[in-house]
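> Encoded as structure tokens, here's the structure I'll be asking about.
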Amino acid sequence: MKTRSEITDVSLEMDSLYGKVGTPERDAFRTEAYAYCMGQIIRDARRKAKVSQKELSERIGVSKSYISGIEKGQIEPGACMFYRIIDALGLRVDIVKPAN
């Protein structure tokens, strides 16, 4: 096994790969990352509820390919659509203030 003895600053790595915070490149990366994470959350919730993409799409009145696109992170649903999906899966979202 090959090991590296260097310590890497994650912020510098992110800057190098995706541009500095506040740049269009970094903002684009962040948007893509959030879309991917949201898609994974929806996919996991759908699977746990034992609901197919087709069934979910029918429940909320969209195409199966739209659900697939969300789960792959290719489509970022707006807040309204996110709540429709969550509701169709019998879930709820709680918004809470973090403990300090």
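The values are calculated or read from the model by the stated rules, or taken from the named source; none is laboratory data. What you are looking at is a predicted structure, and each value in this text was computed from that prediction instead of being measured. Here the Cβ is made from the backbone with ideal geometry for all residues, glycine too, and neighbour counts use every protein chain on show.
> If only one of L12, L17 is over 21 Å from the mean Cα position of the chain (by Cα), part of a helix (DSSP H, G or I), hydrophobic (A, V, I, L, M, F, W, C) and at pLDDT below 90, which one is it?
Among L12, L17, only L12 is over 21 Å from the mean Cα position of the chain (by Cα), part of a helix (DSSP H, G or I), hydrophobic (A, V, I, L, M, F, W, C) and at pLDDT below 90.
> For E76, only one of the following conditions fails: (1) in contact with a Lys or Arg (Cβ under 8 Å, 6 or more places away or on another chain); (2) surrounded by 14 or more Cβ atoms within 10 Å (Cβ to Cβ). What is its number?
Only one criterion in (1) in contact with a Lys or Arg (Cβ under 8 Å, 6 or more places away or on another chain); (2) surrounded by 14 or more Cβ atoms within 10 Å (Cβ to Cβ) is unmet by E76, namely (1).
> Cβ-Cβ under 7 Å, sequence separation 6+ or interchain: first residue in segment 64-92 and on the phi > 0 side of the Ramachandran plot, partner part of a helix (DSSP H, G or I) and surrounded by fewer than 17 Cβ atoms within 10 Å (Cβ to Cβ). Which pairs?
Qualifying pairs under 7 Å: G73/E32; G73/Y36.
> In addition: Against the definition (over 18 Å from the mean Cα position of the chain (by Cα), among the charged types (D, E, K, R) and either within 30 Å of S11 (Cα to Cα) or not in a helix (DSSP H, G or I) (or both)), how does K97 come out, yes or no?
Criteria met by K97.
> Kindly evaluate A35 against the criterion of being surrounded by 10 or more Cβ atoms within 10 Å (Cβ to Cβ), closer than 13 Å to I70 by Cα, at pLDDT 85 or above and not acidic (D, E).
Here the answer is yes, as A35 does meet what is asked.
> Within segment 24-50, track down each residue that is farther than 20 Å from E76 by Cα and over 19 Å from the mean Cα position of the chain (by Cα).
K50
> A follow-up question, please. Across segment 47-88, what is the number of residues that are assigned to a helix (DSSP H, G or I), among the hydrophobic types (A, V, I, L, M, F, W, C) and within 18 Å of E32 (Cα to Cα)?
5
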